Structure formats: structure tokens, C-alpha cells
Amino acid sequence: MFNRKDEKVQEDQSVEPPGIIADNTDSLWEKSNSAESVISVPLSKWNDWRWQMRNRIRSYEQLVRVFPALKQRKELQGVMNKYPMAITPYYASKIQETNYSDPIFALSVPHIQELYDSACLSDDPLEEHCDMPVPGLVHRYRDRALVIATTMCSMYCRHCTRKRITGMRENSISTRRMKQIVEYLRSHPEITDVIVSGGDPLTMPDSVIDMVLSSLRSVPSVEVIRIGSRVPVVLPMRITEELVNIIRKYHPVWINTHFNHSAELTPEARAACARLADAGVPLGNQTVLLKGINDSPQIIEKLCRSLVRNRVRPYYLYQCDLVRGVEHLRTSVRKGIEIMEYMRGRVGGIAIPTFVVDVPHGGGKIPVLPNYIISMSESYTVFRNYEGMIVSYPEPGTEPVAHLIMPESQSGVWEVSAGIDEMIMPEKNKRMARRRENSPGVTGDSCNGF
Ligand SMILES: *Cc1c(COP(=O)(O)O)cnc(C)c1O
Ligand code: SF4
């Protein structure tokens, strides 16, 4: 029902970006079923983001024209009636195989399973509508607020958590609505960090983006502006010189983008990230863990390494929200923990995102890690590292126990927590073997040559 309310809120929003609303009844481009398909569109059109927006695949008929193999999948019509579909020609052209084993296909093409919900799922699992002091503004954390600037995206992710808002109507925020938000921000100077989200704010025309950013910048207490956008991934030609010049006027502006798989880091997407990074925009990435798409340690490792190479810092790895239509894409929490276990020690820290569960009832994001603290005593905290080495850290004021020999004592975690043993090292530790090899003369205190 909040859903309806939300829609009403959007109804009187006046700014209708001319020429952006999909009008692709006679799609100009044809694409065969293979990766090397020929797209009969002049490059000047292909590289024009407005052309890409106008020619998004929005209906079942258009989908079948592009992927004739889907002719037998009439049931998809019902899915897209419920949860709208939009795929930019650019993104569709990156599909290699017309089935759900292709990550780009699975992220963008509806699946019949979307219609089979478990009772745990809801329209607004994060209860964002309950934290909206003014329409279009979610204020949950004290110092941060989130602006829902548009209901439009260039592509509708099948796993989207804001399906209740996105896609059905495609509207950008009005100047009037923005004024109300600015008023709220002025009366709440504790808000220093504003996230412009949606929908995808970078699908709005330059003039609206400029209006939103300048409104936010007019509030002296707003220090940082963040934009959440999947445009660098699914519509990279949108990152134009003009757009970048608008964004850089309002620095500090951070952009969090949304790559889910390394297959999305195409030359075009990488160039879009480079244009933003060159304009001084710090880039982060938010990935959603999705079954059959990226729920493996190796896939996440590859994605994160690739992001860092492109100056994009992996920020969050999300557990899938409990939103309707995603049951078939949800993974278990333990899969995320397994991935974090795999990453630490193997991949540099800048390539390791924080795994978070955005919990139900608006509890917000909760970071989740494997357990690294094994035990504690008055004097020592006992950790284990990624290798399984168990080692203690002395609390302030702790004097080492001069290696008491307790005859009845066996070496165990308690002994480490009591300061009797300093560590327990797995026998086959390769790092220690390397130490012995590289510096055979060094033993004893300085580096525990074992
Ligand atoms: C995620 C989120 C934020 C930002 O949280 P960070 O942890 O600072 O990235 C702010 N507001 C809402 C409602 C959010 O969902
Ligand atoms: S870009 Fe974001 S808001 Fe838009 S469909 Fe994807 S997840 Fe949802």
C-alpha cells in the first residue's frame, strides 16, 4: 500500500525528460543470437546514450527479435508484466549465450521463477517507506540521507530491491519536490552525507542532474554527495564529457556503481569508470551476491581484482534483500562468509569489500565476517588468522609471563590466552617454511623461525 502512496508521490512530478522515455516500437537494431552478432546501427547512434535509452528492449516481442531462441518462452510475458524489463542494446550486445548461465543474460532477462515467492519476501523489505520524513527522502541513519531522484533505470536488474518504485512509471524528481528535500536537509544539519539514488539518477537529463546536485550543494551542512548508479555498467556512453563537467562542479562527489560480474567490465565500461576517476570522482562498487551468477569465491575474487585495476574500490558485497521476485537468486549467508574467508590473506585489502546483510525492518546494514577472535582473557585476546595460526595480542599493561612451564599444562588455546604460549602454528604453514628457507640463520625471538 505504501507502494501506491509512493507512486502517487511521483505522480505530480513534472520533469519529463524529452526524448528519454522508451519509444522503441520499431527498434532500429537487430542482433543475432551469437556474441559476434552484427548490429546494424551507425556507431554515432550506438554511442549516443539517448538512442540507447530509446531503444531499450522493453517487451517480449522485442526480446524475441533480438534473441529468437526465446520464442518458446512466452511465459516470460507474464513476468515482465509484473516486474518490468528494460535492457539497453549495449548491455544486450554483451550477452554471449542466450540462457541463464550467462551472467549478463541472467541479470537482465526475466525468469519464470520470479513469480514464485517465499512468504519471507515483501515489496519493501528494508521498510524504507517508514523512514521517509518527506517524499523521496529516506532518512535512516543520523548523519546520512538517501534521495530517490528518479524511478527510472536504463536496465531493470532482476534482483532490484526497489522494484516497488522502479520501472512502472519513469519519472525524475521535480524542482518542487527537490525544494522540500532541501528544506528538510536545512532543518537537519546533522545530515552531512547525501546519497542520490533511485532508480538510477544518471539516467536523468543533464539539466535535472545539475538541478539536484546544485540543490544539495546549496545546503551548507551537506559535506559529501554520493551518487548510486549502474549507468557505468549498463549504459557507459552516458558518462559524457558534459556530464562529467557537471558532476565535478559539486565535489566532493563520490559514485558507487554496481558491477556484479567481471564480464561486465567491458572496454566501454572501463572507459566510463576512467572518465569519472579522471574527473576526481572516487569510485566504489556495490555487488549483490546472486545464486548462479556470482556466488563463488573465485568469481568475486576476479571481479574485485578487475575493479581495483580500474580504480574502483569494492565497497559492499550485499546479501540479497528479501524483496519479492528474488527467491531463486538468493544465496545463504554462509556463502558470503565463505567468500570473505577466501578473500582475506589471498587478495589485497583494497580489493576486499565489506560483506553486509541489510536486515529486515530497517535495521540497516550489518557487516558479517568469519570469526577471527577465538578467545579472550583479562590479559590477552586470542586471534586466528587466515592460515589458521592462533596468536595472542596482549592488552595494555600486560607483562609477558616469563614462559611459565606448567608441567600439567598442554599447549592449547587457553595457554595462548593466558600468555603461557605465544601462538599455535599449523604444522604445514608455508609462510614459516619460506622463512626458514630465506633466512636460515635467523631464529629465536626476532622472527619466530620455528
Ligand atoms: C545504505 C544506506 C545508506 C548509506 O550507508 P553507508 O553504510 O554509509 O554506505 C544511507 N541510507 C540508507 C537508507 C541506506 O540504505
Ligand atoms: S540499477 Fe539499481 S535501482 Fe535500478 S533496477 Fe538495478 S538495482 Fe534497481
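The values are calculated or read from the model by the stated rules, or taken from the named source; none is laboratory data. Model, not experiment: these values are computed from the prediction. Here the Cβ positions follow ideal geometry from the backbone for every residue, glycine too, while neighbour counts run over all protein chains shown.
Descriptive notes on the structure:
- Out of ARG162, ARG142, ARG169, one residue alone is in a loop (DSSP other than H, G, I, E, B), modelled with pLDDT under 95 and surrounded by fewer than 18 Cβ atoms within 10 Å (Cβ to Cβ). It is ARG169.
- Within the range 353-376, being of a type in the set (A, V, I, L, M, F, W, C) and within 16 Å of ligand 1 (Cβ to nearest atom) holds for PHE355, VAL356, VAL357, VAL359, ILE366, VAL368, LEU369.
- Boolean, VAL138 is without any contact (Cβ under 8 Å) to a residue 12 or more places away in the chain and either among the β-branched types (Val, Ile, Thr) or more than 16 Å from ligand 1 (Cβ to nearest atom) (or both): yes
- Residue in the range 231-248 that is more than 25 Å from ASP295 (Cβ to Cβ), part of a helix (DSSP H, G or I), at pLDDT 95 or above and within 16 Å of ligand 1 (Cβ to nearest atom) present: no
- Selection within the range 321-361 - in contact (Cβ under 8 Å) with a residue 60 or more places away in the chain, in a loop (DSSP other than H, G, I, E, B) and away from ligand 2 (no atom under 16 Å from the Cβ): PRO353, PRO360, HIS361
- Filter result for the condition that a residue is within 16 Å of ligand 2 (Cβ to nearest atom), touching a residue at least 40 places away in the same chain (Cβ under 8 Å), crowded, with 22+ Cβ neighbours inside 10 Å and not β-branched (Val, Ile, Thr), over LEU235, LEU185: LEU235
- Residue in the range 262-280 that is in contact with a Cys (Cβ under 9 Å, 6 or more places away or on another chain) and closer than 20 Å to MET152 by Cβ present: no
- Number of the exception - THR175 against (1) touching a Cys at 6+ places or on another chain (Cβ under 6 Å); (2) more than 16 Å from ligand 1 (Cβ to nearest atom); (3) among the polar types (S, T, N, Q): (1)
- Criterion violated by THR161 - all others in (1) touching a residue at least 24 places away in the same chain (Cβ under 8 Å); (2) within 25 Å of LEU235 (Cα to Cα); (3) in contact with a Ser or Thr (Cβ under 9 Å, 6 or more places away or on another chain) satisfied: (3)
- Any chance GLU378 is of a type outside the set (Gly, Ala, Ser), over 19 Å from the mean Cα position of the chain (by Cα), surrounded by fewer than 18 Cβ atoms within 10 Å (Cβ to Cβ) and farther than 30 Å from CYS120 by Cα: yes
- Matching option when the condition is touching a helix residue (DSSP H, G or I) at 6+ places or on another chain (Cβ under 7 Å) and either assigned by TED's automatic domain parsing to the domain that holds LEU283 or within 12 Å of ligand 2 (Cβ to nearest atom) (or both), among ASN99, ASN171: ASN171
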